[in-house]
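S.K.: Questions regarding the structure given below will be posed in turn.
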Amino acid sequence: MQLHPSGLLRTDDQTFLGIDYTNLKALCRIHGLRLRDSNRYQSTEEAHNDFMNSYQNIFLRPKKMVARNPFQADSKVAPGPEKLKASESQEPVNRSLGHGRQTQETLINQMIKALKKFPIERSQLEHHSIHKMLKVFPCLTAQLSRHELQQISTIAIIETWDRAQIIFGHNGFYLILKGSVTPYTQETSKEAVDPKGSVIGVGGSFGSFQPPAGTEAGITIQCTLTQEPCEILKISHSGYAKLKKEILAQNYALKESLIQGCHFYLQWPKLSIDRLANLIQMKNLPANHVLVKEGKVCPFVAYIREGECYILQDINSLMRTPQEKGSRIKFVVVGKLGPMESFGEVSILLDQPSPCSIVTMTEVQVGIIQPDALKGLDSVTSALMLQTAQPTYGKLSQEEINKEYIRQERHKEWDHIKKRVLSDALLYNGIKQGNGKWTFIRGGGRRSMDKSNPIQ
């Protein structure tokens with residue numbers, strides 16, 4: 001047994017608060033026990049057994065708080081040691097589960113409060129909180145796209161139902177936020193419904209986003225009976241259809257503005273732009289992603305909306321030097337592509353290999369047209385594209401590419417030398433980068449960060 005700095009006594013794997021001296025004195029008075037100042041040669045067997053059975057009582061142990069189960073009736077019978085250990089091990093889990101359940105109920109109550117307003121009266125923050133909460137329900141994320149889920153709060157409403165009421169779900173999608181319902185058919189009456197049967201609780205749904213076809217009508221639950229007071233989110237068929245049309249119109253306007261923003265298409269007629277806009281697919285690509293490889297036909301036509309790309313040319317292929325196995329290919333940056341610029345039209349229509357490689361410099365959002373779709377355009381639109389579009393970047397001569405490569409390598413080497421000299425100078429004077437002595441504050445002043453400096 002040893003005393004820790006915290007003031008607690010620890011023996012084996014148990015923690016004690018201190019010594020109960022009343023029990024210690026009683027333990028020393030056991031008849032037949034050999035003590036240091038007694039004349040006995042050894043303790044009797046009976047005294048030894050009494051001591052070993054009672055010595056644990058001299059330690060003061062902290063009281064163990066056992067969580068009371070609110071769903072269990074009070075009982076005067078004390079639980080056994082096995083049940084006590086099980087309840088102690090489950091106490092942290094139950095506490096975390098209870099806290100998570102309470103947080104979820106709070107968020108649902110906040111969402112219900114926002115949904116009780118008309119969609120036009122909801123603030124942007126309320127729309128955001130509704131969208132954040134609806135992402136938790138798998139029945140929504142499995143059936144709606146990302147754009148639809150972001151805007152579904154503009155058409156969603158809340159309905160309040162009392163117990164033992166019939167809800168007809170043939171005209172929309174219903175999501176249960178509070179309460180529970182059971183499927184209901186015309187053959188069954190309200191009294192014949194088994195409350196222990198299939199119950200749809202919080203997070204469950206019935207109905208559909210679109211009017212079901214003949215084969216789907218029997219699969220989807222169309223009618224339910226409330227088992228308790230319920231708060232149910234409703235998305236009507238008409239509201240969802242209107243939302244889909246609005247999203248399609250927004251996407252089409254985005255694609256149309258993307259094409260019109262490129263300088264090659266400024267003078268194009270509206271009809272030709274519409275034909276291209278119908279073929280575009282929007283994609284998000286990460287940084288350092290190879291879009292086009294030098295010497296190969298472009299895999300697609302791309303219109304950059306956000307981000308930048310490098311235009312690279314291979315040094316080794318221009319110098320016609322044999323590549324060693326395992327050697328690294330050297331590229332030189334000959335240009336950049338930014339927002340409202342395009343590439344790939346001439347390469348695909350004329351089936352020409354690209355004179356350069358294109359790699360994303362940052363995260364890029366692009367609209368792409370696949371080669372099969374582009375070649376399927378009418379002859380007028382194809383001829384117009386060949387007349388206006390130009391190759392992404394003409395192939396440079398060997399002398400030009402060598403000069404550009406030397407210039408870029410010298411710039412990299414100079415940057416490396418500056419950083420190395422600066423780092424050595426700071427380290428020699430005991431200064432670490434990012435830990436300056438002065439911190440500049442608003443208004444042009446500065447304040448010393450050295451606590452030993454008396455002038456603060």
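S.K.: Tell me, yes or no, whether segment 219-229 has at least one residue that is assigned to a strand (DSSP E or B), in contact (Cβ under 8 Å) with a residue 60 or more places away in the chain and touching a Gly at 6+ places or on another chain (Cβ under 7 Å).
M.R.: Yes.
S.K.: Between a first residue in segment 121-147 that is under 24 Å from LEU248 (Cα atoms) and without any contact (Cβ under 8 Å) to a residue 24 or more places away in the chain and a second residue that is open to solvent by less than 70 Å² (accessible area, probe 1.4 Å) and small (Gly, Ala, Ser), which pairs have beta carbons less than 6 Å apart while being 6 or more apart in sequence or on different chains?
M.R.: HIS131/SER153
S.K.: Separate question: Of all residues in segment 341-359 being over 20 Å from LEU254 (Cβ atoms) and part of a strand (DSSP E or B), which is farthest from the chain's Cα centre (by Cα)?
M.R.: Residue satisfying both the conditions and the ranking: SER357.
S.K.: Within segment 268-286, restricting attention to residues that are surrounded by fewer than 13 Cβ atoms within 10 Å (Cβ to Cβ) and either part of a loop (DSSP other than H, G, I, E, B) or aliphatic (A, V, I, L, M) (or both), which residue is nearest to the chain's Cα centre (by Cα)?
M.R.: Here the residue is PRO286.
S.K.: With the condition kept exactly as written, say whether any residue in segment 361-383 is assigned to a loop (DSSP other than H, G, I, E, B), modelled with pLDDT of 90 or more and open to solvent by 100 Å² or more (accessible area, probe 1.4 Å).
M.R.: Yes, segment 361-383 contains a residue that is assigned to a loop (DSSP other than H, G, I, E, B), modelled with pLDDT of 90 or more and open to solvent by 100 Å² or more (accessible area, probe 1.4 Å).
S.K.: So, one more: Any residue at all in segment 148-168 that's open to solvent by 50 Å² or more (accessible area, probe 1.4 Å), at negative phi, acidic (Asp, Glu) and over 20 Å from the mean Cα position of the chain (by Cα)? Outline the logic, then answer.
M.R.: Here is the first cut: in segment 148-168, the residues open to solvent by 50 Å² or more (accessible area, probe 1.4 Å) are 150, 154, 157, 160-163, 165, 168.
If we keep only those that are at negative phi too, we end up with 150, 154, 157, 160-163, 165, 168.
Retained after the next criterion (residues that are acidic (Asp, Glu)): 162.
From what is left, the residues that are over 20 Å from the mean Cα position of the chain (by Cα) are 162.
Yes, that holds for at least one residue.
S.K.: Tell me which residues, restricted to segment 133-156, are closer than 16 Å to GLN110 by Cβ and not in a helix (DSSP H, G or I).
M.R.: Step one: list which residues in segment 133-156 are closer than 16 Å to GLN110 by Cβ, which gives 133-137, 153, 156.
Correct list: LYS135, VAL136, PHE137, ALA156.
The values are calculated or read from the model by the stated rules, or taken from the named source; none is laboratory data. All values reported here derive from a predicted model rather than from experimental measurement. Using ideal geometry, Cβ is built from the backbone for each residue, glycine included, and neighbour counts are taken over all protein chains shown. Please note that ligands, DNA and RNA were not included when accessible areas were found on the heavy atoms of the full protein model with its side chains. Shrake-Rupley method; radii C 1.70, N 1.55, O 1.52, S 1.80 Å.
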